[in-house]
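Beneath this line is the structure, given in structure tokens, with notes to follow.
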């Protein structure tokens with residue numbers, strides 16, 4: 001609840017959340033106490049995930065701004081794309097040599113994926129930074145087998161979809 005106090009300013013909302021968390025659950029007509037807050041899949045879980053993980057959204061927004069390259073129009077690439085001959089000019093290779101790292105971030109409830117266009121060590125630093133925010137700032141436990149670095153051409157599953165770059 002202390003962490004939620006940082007994000008929610010209305011006492012009435014905090015009081016309602018606290019009551020939901022202490023309400024427990026019913027099984028076969030018997031009331032059981034809730035041992036660890038909101039049960040997975042509980043009615044309050046998506047709300048808490050969105051309130052809690054909004055902090056990560058803000059942190060990722062800052063990180064993306066730091067890494068975002070200044071976009072300059074590439075006249076040669078634009079002409080080739082319009083003529084649908086970009087593959088013949090080797091322009092794709094030139095674009096992939098961009099020294100600036102690009103970061104993309106998508107979150108749905110408590111699942112998120114971070115795309116890093118850049119060197120492996122940069123992806124490792126981003127992963128470590130996000131892990132630190134989650135563990136130290138939000139006191140969340142990270143699943144080591146779910147949080148991994150994967151090459152985009154190998155693909156990974158996100159929200160039951162395979163995401164892959166050819």
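The values are calculated or read from the model by the stated rules, or taken from the named source; none is laboratory data. On a predicted model such as this, the values are computed, not experimentally measured, just so you know. Cβ coordinates were reconstructed from backbone atoms using ideal geometry, including for glycine residues, and neighbour counts include every protein chain displayed.
Residue-wise test of (1) assigned by TED's automatic domain parsing to the domain that holds residue 129; (2) closer than 20 Å to residue 141 by Cβ; (3) at pLDDT 80 or above; (4) in contact with a helix residue (DSSP H, G or I) (Cβ under 8 Å, 6 or more places away or on another chain).
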position: 2; (1), (2), (3), (4): no, yes, no, no
position: 5; (1), (2), (3), (4): no, no, no, yes
position: 12; (1), (2), (3), (4): no, no, yes, no
position: 29; (1), (2), (3), (4): no, no, yes, no
position: 34; (1), (2), (3), (4): no, yes, no, yes
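No other residue among 65, 59 is exposed (fewer than 10 other Cβ atoms within 10 Å of the Cβ), assigned to a helix (DSSP H, G or I), assigned by TED's automatic domain parsing to the domain that holds residue 131 and at pLDDT 70 or above apart from 65. With the requirement that a residue be assigned to a loop (DSSP other than H, G, I, E, B), farther than 25 Å from residue 46 by Cβ and in contact with a strand residue (DSSP E or B) (Cβ under 9 Å, 6 or more places away or on another chain), what does segment 112-160 give you? Within segment 112-160, 118, 149, 150, 152, 155 meet the criteria.
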